[in-house]
Amino acid sequence: MRRNLIFGALILLAAAGFLSAAEEVNPLLIPVKPAKLTPLKKEALAWVDAAMPELARLNDEIWRNAEIALEEYRSAEALASYLDKAGFKVERGVAGLPTAFVGTYGSGQPVIGFLAEYDALPGLSQETVSSKKPVREGAPGHGCGHNIFGVASAASAVAVKELMAAHHIAGTLKVFGCPAEETVEGKVFMARSGVFDGLSLCIQWHPGDENAVSLESSNALNQFEVEFFGRTAHSAGDPWHGRSALDGIELTDVGLNFLREHLQPTARIHYVILDGGGAPNVVPDHARAWYYVRDLDRESVEKDYERVLEVIEGAAKMSGTTYKIHFKSGVHETLANRAGGEVVYSNLLLVGAPAFSNEEQAFAKAIQKDLGLEDKGLTAKIEPFSLPEKSWGSGSTDVAEVSWLTPTTDLSVAFTPLGTPGHHWSAVACSGTSIAHKCLAVASKVMAASCLDFLAQPDVIKKMRDEWTARKKGREYKSPLPADLQPRAVPRKEG
Ligand SMILES: [Zn+2]
């Protein structure tokens, strides 16, 4: 009896504990109400709906182009001429990058930027079907949805431009055509050449598998290649005459793997060997490898990088070789902006998540089945807006550079089935279908509506800029690039 009483009390206590856990609110949650549907916003949303046939066509054209970093000649031109026709003044080939451009409309303050990306990924060619089937084996494909990215950014700016013209609204809009995001290059060179200077704020988004506005940061990064030079010899006949360049790489990698333990746990080092010699019976006199050094902020990456350089120096001494460092690119960590995020999130709530049809959901589920994932389809919900659980991220992006030059907002709109990997054939398949068009429409509407709020509310811009200044903690933007480093020149392909 007594035991039963104790048991009963325990059950009651457990139930009470369960209830309080279920009722517990996420302390990181930021409550945001849907934005108001003003008459101007109503017009903007209707403009996007009416423009969808043309926007979908542009999306599909860039999807078919599928040009990789710095080769985006046709894709950049498609967006630049779209902006030209819409009444923007377009400057092509900015910052020494033939496939970068800036389209400007209007005059005076505020100056609002939109980031457009359009590079594809190598080797991901894929038809719009739910299992792996390349259009052309080994060819590039839009595995990160940058075709949707570029068109939605340009479209939202044009939508706002139409309203500014019709209603005599003051301000300047700038659409930045940013090449080579996948190689973390484009915006770094654009930032160094001052292309992003003078902005009041910048609106940015990325297609994904969720509808959300994130306040997470991203890792800072240095990426470089190292080339080792040795002396060749017969590997069996007279190896003592040889000095192996591959030994230089291998000793570097062994050294780095020991170094990891004595770096902060936030540091990430990864590498691939691009050239390790030709044959085992020839001592390689040349070898080349590519390294990423990441950490939670720029200062940490610079410290880690110094130590990595010392390991390389040591490896050269041990192997009796010489070496040359080829710095490729570097980025900062992203500075999130909560004040700007609240505006974008309130407009995401206003516009709503993309409404995918049964057919589109069936396509998404077929992909998930093919990949052995739970067939949850495409998300229909909007993720809660909250402070990040950690203030640093795992990936790196050149959007970070812009976030150091002006307050920059974030937005993600769904186009891939839940849980599917990024940079994958399944994302290429989705970004060429009506799923992408729905994602595009929602992203364009949310960004256009947010831009209208920013134009109408100088106090919000002030709040964003105050927050941005505080986050910088007195640090001013300094390009991670060596002063003499020029962008890679990739000539236009014939045909
Ligand atoms: Zn991307």
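The values are calculated or read from the model by the stated rules, or taken from the named source; none is laboratory data. Computed from a prediction, not measured in an experiment: that's the story for all the values here. Cβ: placed from backbone, ideal geometry, glycine included. Neighbour counts: every protein chain shown. Only protein heavy atoms, including side chains, enter the accessible area calculation; ligands, DNA and RNA are left aside. Shrake-Rupley method; radii C 1.70, N 1.55, O 1.52, S 1.80 Å.
Somewhere in segment 451-474, is a residue under 30 Å from residue 63 (Cα atoms), open to solvent by less than 20 Å² (accessible area, probe 1.4 Å) and in contact (Cβ under 8 Å) with a residue 60 or more places away in the chain? Yes, some residue in segment 451-474 is under 30 Å from residue 63 (Cα atoms), open to solvent by less than 20 Å² (accessible area, probe 1.4 Å) and in contact (Cβ under 8 Å) with a residue 60 or more places away in the chain. For segment 389-439, a residue qualifies if it is open to solvent by less than 20 Å² (accessible area, probe 1.4 Å), among the hydrophobic types (A, V, I, L, M, F, W, C) and part of a loop (DSSP other than H, G, I, E, B), and the qualifying residues are 411, 415.
Of the residues making up segment 182-196, those that are open to solvent by 20 Å² or more (accessible area, probe 1.4 Å) and within 16 Å of the ligand (Cβ to nearest atom) are 182, 183.
Can you tell me which residue within segment 197-238, out of those that are of a type in the set (D, E, K, R) and under 21 Å from the mean Cα position of the chain (by Cα), is farthest from the ligand (Cβ to nearest atom)? The residue in question is 197. Here residue 270 meets the list (1) in a helix (DSSP H, G or I); (2) of a type outside the set (Val, Ile, Thr); (3) surrounded by fewer than 18 Cβ atoms within 10 Å (Cβ to Cβ) almost entirely, failing just condition (1). Candidates are the residues of segment 333-352 that are open to solvent by 10 Å² or more (accessible area, probe 1.4 Å) and either of a type outside the set (A, V, I, L, M) or touching a strand residue (DSSP E or B) at 6+ places or on another chain (Cβ under 7 Å) (or both); the one that is nearest to residue 45 (Cα to Cα) is 352. Of the strands (runs of 3 or more DSSP E) lying entirely inside segment 29-140, the ones with 2 or more residues being touching a helix residue (DSSP H, G or I) at 6+ places or on another chain (Cβ under 7 Å) and surrounded by 23 or more Cβ atoms within 10 Å (Cβ to Cβ) are found at 101-107, 111-117.
Return the residue satisfying two criteria in turn: it lies in segment 367-388 and is small (Gly, Ala, Ser) and under 30 Å from residue 343 (Cβ atoms), and of such residues it is surrounded by the fewest Cβ atoms within 10 Å (Cβ to Cβ). Among them, the one singled out is 380.
Candidates in segment 383-426 are the residues that are β-branched (Val, Ile, Thr) and out of contact with any Pro (no Cβ under 8 Å at 6 or more places or on another chain); of these, the one that is nearest to the ligand (Cβ to nearest atom) is 397.
Would you say residue 131 is more than 14 Å from the ligand (Cβ to nearest atom), over 23 Å from the mean Cα position of the chain (by Cα) and free of Cβ contacts under 8 Å to residues at least 12 places away in the same chain?
no
Determine, yes or no, whether residue 364 is under 21 Å from the mean Cα position of the chain (by Cα) and surrounded by 22 or more Cβ atoms within 10 Å (Cβ to Cβ). Taking the combined requirement at face value, the residue does not satisfy it.
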